[in-house]
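Visitor: The structure that follows is given in the form of structure tokens.
The values are calculated or read from the model by the stated rules, or taken from the named source; none is laboratory data. Computed from a prediction, not measured in an experiment: that's the story for all the values here. Cβ placement follows ideal geometry from the backbone for every residue including glycine, while neighbour counts extend to all protein chains displayed.
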Amino acid sequence: MIQIATSWLLLLPVMFGIGWLASRWDLRLENRMDERERMRQQRSTFKGLSLLLNEQPDQAIETLVKIAQLDPETIELHFSLGNLFRRRGETERAIRVHQHLANRDDLKPRDRDHAAYELGRDFLRAGLLDRAEASLIRVGQGKFAAPAKESLLEMYQIERDWKKAIIAATELETLQGKSHHTEIAQFYCELSQEALLAKDLNGAEHSIQQALHAVPNHTRALILQGDYLMAIGEPAQAIEAWGVVASSHPAYMHLIADRWMLAHAAIGKAEVGLDRLCELLKTQASGELLDLVHKQTVQIRGMQAANAMLSEVMQHSPSLSALSKLAETRLALEEGNGNPEREQELKSILHLLRQRTTSLARYTCGNCGFRARRFYWQCPGCNNWEAYSPRRSEGVAPSGPSM
């Protein structure tokens, strides 16, 4: 039988205690090193944020990249870094960061959706629309589903793919719980307009009905309905459709005044059509409608009638545009009367008025203030639909870009 010395038995607990103390010491050293590393990363992060706040983005990016390289698990930092690259216009670097995240298999579904969304935004910023669509479609039904769908809707409008835009807007209504009927009606109007240009009358009629279903008595849809009825040889019905615009949305009548008169001429009622437009001038005289009514009045009733009409407008709705047209009309009446001094006087007045009226802002977006000389259903500045007032502005032009 093996005999074990009592001293060895006493040494066993001592050796076990020394081993335990050594392991605890190693653990404390490791924790201290981890703490030092965390402190170093925090200091580097704060340094990067400080550089950003001090408008030193290049040095900030360099610092944040080093942190991301040292700790690949800093997912939020990767997202922040990618977004920073995109805001600076460095889309290639942003794509690399977000693509790296999107391809990681160890990410949670929410982070993977986030990466796919950010990558789609990168591709959209870079103009790679097909790759942007593929990435945004990968986003699931979580927090980033609605933002991804909004980006898809933005992209489809850039591509003028109105059918996909309608689908995206409809899905977005479900996700957000708010109406996108105005945009959907406008998308159908775009399809209708394309169909009319292509002589696809059945397609045009279908899209118009869908637009009116989305927004009953929608102004643009009614205008296009009149265009469709004129295209199939039904001017009386076209007048009926445009009559709804004249009654419910008279500020938009300048968009169809010429076609309104053509439809009335086609049924032999040009005078009736002109009378209705003249009646509208009592409330709509400060826009293009006045120019169109003046032209039609000269053609149908003569210069004297145009002069009388403008004199009446100046009584109830005085404006520089009306005054300019009145000077133009009186100059035409004066020519050939043997009074060169009067002609020269009217020419000088007309020249000054035209200089003033042509420099005025025409239509102004109520959302971003973008100004333009023609009317747009979708603002070229902010891309919002139906943001333009149908009335031309006069006086001091408001602040904002123009074209």
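Visitor: Quick one: in the range 195-238, of everything that is among the acidic types (D, E) and in contact (Cβ under 8 Å) with a residue 12 or more places away in the chain, which residue is farthest from H181 (Cα to Cα)?
Guide: At the first step, the residues of the range 195-238 found to be among the acidic types (D, E) are 200, 205, 227, 234.
Right, trim to in contact (Cβ under 8 Å) with a residue 12 or more places away in the chain and you get 205, 227.
Values: E205: 19, D227: 22 Å.
So the residue we want is D227.
Visitor: Which one of the conditions (1) among the hydrophobic types (A, V, I, L, M, F, W, C); (2) in contact with a Gly (Cβ under 9 Å, 6 or more places away or on another chain); (3) under 21 Å from L84 (Cα atoms) does A134 fail to meet, given that it meets all the rest?
Guide: Going through (1) among the hydrophobic types (A, V, I, L, M, F, W, C); (2) in contact with a Gly (Cβ under 9 Å, 6 or more places away or on another chain); (3) under 21 Å from L84 (Cα atoms) one by one, A134 breaks only (3).
Visitor: Still on this model: Just the residues that are outside any helix (DSSP H, G or I) and among the hydrophobic types (A, V, I, L, M, F, W, C), please, taken from the range 151-200. Don't jump to the end; show me each part of the working.
Guide: Kept after step one, since they are outside any helix (DSSP H, G or I), are these residues of the range 151-200: 160-161, 177-180, 198-200.
Selection gives A198 alone.
Visitor: Hey, another quick one. Could you identify the single residue in A236, A211 that is surrounded by 15 or more Cβ atoms within 10 Å (Cβ to Cβ) and either under 30 Å from L326 (Cβ atoms) or of a type outside the set (S, T, N, Q) (or both)?
Guide: Values: A236 fails: surrounded by 15 or more Cβ atoms within 10 Å (Cβ to Cβ).
Exactly one of A236, A211 is surrounded by 15 or more Cβ atoms within 10 Å (Cβ to Cβ) and either under 30 Å from L326 (Cβ atoms) or of a type outside the set (S, T, N, Q) (or both), namely A211.
Visitor: Here are Q157, Q186: which of them is within 15 Å of the chain's Cα centre (by Cα), at pLDDT below 95 and among the polar types (S, T, N, Q)? Before the answer, list the steps.
Guide: On the way: Q186 fails: at pLDDT below 95.
Testing whether each residue is within 15 Å of the chain's Cα centre (by Cα), at pLDDT below 95 and among the polar types (S, T, N, Q) leaves just Q157.
Visitor: Follow-up question, since we're still on this one. Kindly establish whether A327 is buried (at least 16 other Cβ atoms within 10 Å of the Cβ), of a type in the set (A, V, I, L, M, F, W, C) and at pLDDT below 80.
Guide: Details: buried (at least 16 other Cβ atoms within 10 Å of the Cβ): yes; of a type in the set (A, V, I, L, M, F, W, C): yes; at pLDDT below 80: no.
No; evaluated as a whole, the condition is false for this residue.
Visitor: Just need a number here: residues in the range 311-341 that are within 18 Å of L289 (Cα to Cα) and part of a helix (DSSP H, G or I). Break it down into steps so the answer makes sense when it comes.
Guide: Going through the range 311-341, the residues within 18 Å of L289 (Cα to Cα) turn out to be 311-329.
Add one more test, that the residue is part of a helix (DSSP H, G or I), and what stays is 311-316, 320-329.
Going through the range 311-341 one residue at a time, the tally reaches 16.
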